[in-house]
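One structure is given below, encoded as structure tokens.
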Amino acid sequence: MTVKKVLVVEDEPGIRDMLRLALETADFECLEAGDIADAYQQVIHNSPDIVLLDWMLPGGTGIELLRRLKKEEATQHVPVIMLTAKAHEDNVIQGLEVGADDYMTKPFAPKELIARMRALLRRAVQENVNDELRVGELVIELSSHRVLVNGKTLEMGPTEFKLLQFFMSNPDRAYSRAQLLDRIWGLNVYVEERTVDVHIRRLRKALQAGAPHYSDLIQTVRGVGYRFSDRGIALA
């Protein structure tokens with residue numbers, strides 16, 4: 001089995017030591033960086049499979065590094081878990097909006113962190129196996145992180161992309177807002193359910209920009225939540 005490389009971006013040596021011990025015990029290869037400049041170079045030159053990113057760092061914030069990684073094609077698909085003492089909902093939303101795949105508040109249990117890491121890595125492998133999702137002329141290209149309708153690239157944020165990918169992977173099933181929060185934002189991330197409605201509206205708007213009737217694929221299920229379905233919708 002190939003050993004997975006984890007980059008720990010954390011300025012406190014004691015926390016880095018704790019994480020390195022836990023990760024190496026769990027058979028991960030551990031890389032370390034204490035600031036965003038070193039972390040960026042590590043990502044570029046050592047190609048970690050996953051990044052554990054502290055919020056407050058010398059020379060800038062973890063959010064700044066995360067934003068840079070998600071903008072660049074070579075690094076945008078590297079899974080990132082934010083590690084921070086900032087538990088306020090606005091901070092959680094900010095990290096996830098920029099593109100973090102998960103979020104853990106200090107102090108945390110190393111075993112839970114490692115379980116979440118493995119779940120993210122399994123998901124990344126599954127996405128690489130199935131590179132394209134298609135419904136009619138709506139296509140998600142997972143490797144390039146693009147959404148197209150009739151060959152036209154649609155603009156949408158990382159959360160809307162994750163929502164659409166989840167819906168297209170699980171069609172014709174209704175999901176509650178709480179279920180969508182767990183699946184898209186992750187367990188133990190405290191975000192209000194109304195946040196789901198905001199991102200659904202943004203997703204519908206993005207799909208409508210490609211072709212008006214494609215926004216109808218995201219259906220409101222009264223008393224439940226939302227469903228993705230092409231039944232009864234002419235997509236030709």
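Over 23 Å between C-alpha atoms is what I'm after, so list which of K70/K152; K4/K70; K71/K106; K70/K111 land there. Pairs exceeding the cut-off: K71/K106; K70/K111. With all pairs of different C-alpha atoms in the average, the Kirkwood value for the hydrodynamic radius of the chain is 18.7 Å.
Of the residues V149, V198, V80, the one that moves most in a GNM of the chain with alpha-carbon contacts below 10 Å is V198.
Assuming charge only on the beta carbon of Lys and Arg (+1) and of Asp and Glu (-1), the dipole of the chain about its Cα centre is about 920 debye to the nearest 20.
The long axis of helix 158-169 is offset from the longest Cα principal axis of the chain by roughly 60 degrees.
Using only Cα atoms and rounding to the nearest 10 degrees, what angle (0 to 90) does helix 194-210 make with the longest principal axis of the chain? Between helix and principal axis, roughly 60 degrees. Taking the chain as a Gaussian network of alpha-carbon nodes connected by springs under 10 Å, the highest mean-square fluctuation of the residues M117, M18, M56 belongs to M18.
Throughout, read-outs are computed from the coordinates displayed, never taken from laboratory work. Everything numeric in this text was worked out from a predicted model, so none of it was measured. Please note: Cβ atoms are built from the backbone with ideal geometry, for glycine as well, and neighbour counts cover all protein chains shown.
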